[in-house]
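For reference, the structure discussed in these notes is given below.
The values are calculated or read from the model by the stated rules, or taken from the named source; none is laboratory data. This structure is a prediction, so every number in the text was calculated from the model and none was measured. Methodologically, a virtual Cβ is constructed for each residue, glycine included, from the backbone with ideal geometry; neighbour enumeration extends over all protein chains shown. What goes into the accessible areas is simple: the full protein's heavy atoms, side chains included, and nothing from ligands, DNA or RNA. Shrake-Rupley method; radii C 1.70, N 1.55, O 1.52, S 1.80 Å.
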Amino acid sequence: MDTTASPETQGTVETRGIEPVPDSERHGRVRELFSTYVAANISVLLLTMGAALVVFNRLNFWQVLVVAVIAAAVSFGLTGLLSVSGKWGGAPGLMLSRATFGVRGNYFPGMILWVARFGWETINAVTGAFALLTILKLLLGVEANKVLTIVTLFVFVAVTFLVSGMGRKVLNVCNKWSTYLFGIFSVLVLVYLIAKMDWHEVFAQKAGTTAMMIAGVGTIAAGGLSWVPSGPDFTRYLPGSASGKKIVGATVSGAGLVMVPMVLMGAVMTSKTPDLAKASDPVAFLGDILPTWLAVPYLLTAVVGMLLINSLSMYSAGFTAQTMGVKLPRPLAVSINALISLVGGGFMMLVATSFISQFIAFLTLLGVSFSAWIGVYAIDMVRRAKRTVKYDAEALMDTSRASRYWYKAGFCWQAMTAWTVALALGLCLTKVDWFTGPLAGTWLGTHGLGWAVTIAVAAVVFAVLPAPRENVAAEGGAAPEPVPAGR
């Protein structure tokens, strides 16, 4: 079976789809991950999340700092660790997941992760459109209306679709320059805040409870957890000799460099805009806090950052769509997500009344939905780490009964059992505006630990069940071609 039917060209546009990348095309460098995860966190939503820690969780400055550091380390530490599987198998995360859940079983977690991506892309598209509206108001004095709202949303989604369709090479270039620009303007904003903010008032905030700190970690970490299944998508072009430790280091440092300061900035800004966390528009407040000469370029770089976040997400979503059986090239598969972002974004901007409440509810459910997959996939990685050959490239592309990863009727029952039990328990511990699980009032539920319990339960159940046996006999017992897999 030919698993390299769509080789990556040497030009600008990446043509390779979900098929594993052969050794001859593995020219990626670990340092590219640093700018990738810097770009993945250039979002003014982190300001809103930081404000929410003060307004809703009642945390002070130092508690917000601790929460942000822990959330970044945990969520992107997991992203980095599971990203190592990308260099093992040379395939996107949801493609490698076939080896974990089975050819058919993979559709179930894959569908939930795909739907969650829709939500994340819609949230970012709405925020980007609000940023464009704020820029127009600051520069031209143009007030938002329904027509202009739809136009800005369409422009944002259209550019996102264009960039994500270009592929890995274009994204890497954009990530690099956005990192420089956003870094420069973020420093300017920090200097301005240091000079203008009433720091006595900032540090006078009373400390919140430990329970609210723990819950805050879950809220901030949820965004990072959403990148875990996408991690292998950005490491599949790395050679097998790439250092796993460096992969984790580049991932955590890139994300933390942006995530921690922005969450803190949002917390500090609440001293001047106490309604920030409750605003229907999560961006307009910047025009009130910052002078126009600083607010406009900062928002422009933030718009670019949010474009890249959505482009990275849509890039991975294209792989997810193909893995789920959508018979389209990756750039066209991305169009499905773009359309849903337009429809969902239009609803949020024109119909919904409270942005932050929807956002927090979405983050809570997002954390649980991704966590069940993370726990099972992590244990599968631990088992594969002991093998010389981690993944069978040909079997990953084979969806027939002869596939090495067919297991029983296309399902790995051990993985499916662990995933189902963990997901159900996680939802039972969850409480959002429109849903309350039966265990949400327990200590674990009130502390917002549903996501952590979900990971732990998925991992433990999968680990204690009998180890799955791959369907080697269906291939006549033939051993797969070795794949370089340095740790």
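Remarks
- Couplings 3J(HN,Hα) for region 134-139, derived from phi with the Karplus relation 6.51 cos²θ - 1.76 cosθ + 1.60 (θ = phi - 60°), are 5, 4, 4, 5, 5, 7 Hz, where x marks Gly and Pro.
- For residue 115, solvent-accessible area (1.4 Å; no DNA, RNA or ligand), Å²: 80
- Note on region 182-288: the C-alpha convex hull projects to 9.4 nm² when averaged across all orientations.
- Listed residue pairs exceeding 30 Å between alpha carbons, taken from 246/408; 245/431; 390/431; 87/431; 246/386: 246/408; 245/431; 390/431; 87/431
- Rounded if a/c under 1.5, otherwise prolate or oblate - region 9-100, Cα gyration tensor axes: prolate
- Chain lengthening between residue 201 and residue 389 when straightened (0.36 nm per residue, less Cα-Cα): 61.9 nm
- Taking amide H as placed 1.01 Å from N in the peptide plane, residue 408 has its amide H under 5 Å from the amide H of 413, each at least 5 places away in sequence or on another chain.
- Cβ-defined net charge surrounding residue 465, 14 Å radius [Lys, Arg +1; Asp, Glu -1]: +2
- Accessible area (Å², 1.4 Å probe, nearest 10) - residue 470: 30
- Pairs of Cα atoms nearer than 8 Å and 6+ residues apart set the relative contact order; for region 355-440 it is 34 percent.
- Using the Karplus relation 6.51 cos²θ - 1.76 cosθ + 1.60 with θ = phi - 60°, the per-residue 3J(HN,Hα) values for region 185-193 come to 6, 5, 4, 4, 5, 4, 4, 4, 5 Hz, with x marking Gly and Pro.
- Sorted largest first by accessible area at a 1.4 angstrom probe radius, with every protein chain in place, the residues 389, 157 fall in the order 389, 157.
- Segment residue 469-residue 184, extension gain: residue separation times 0.36 nm, minus the distance between their alpha carbons: 97.4 nm
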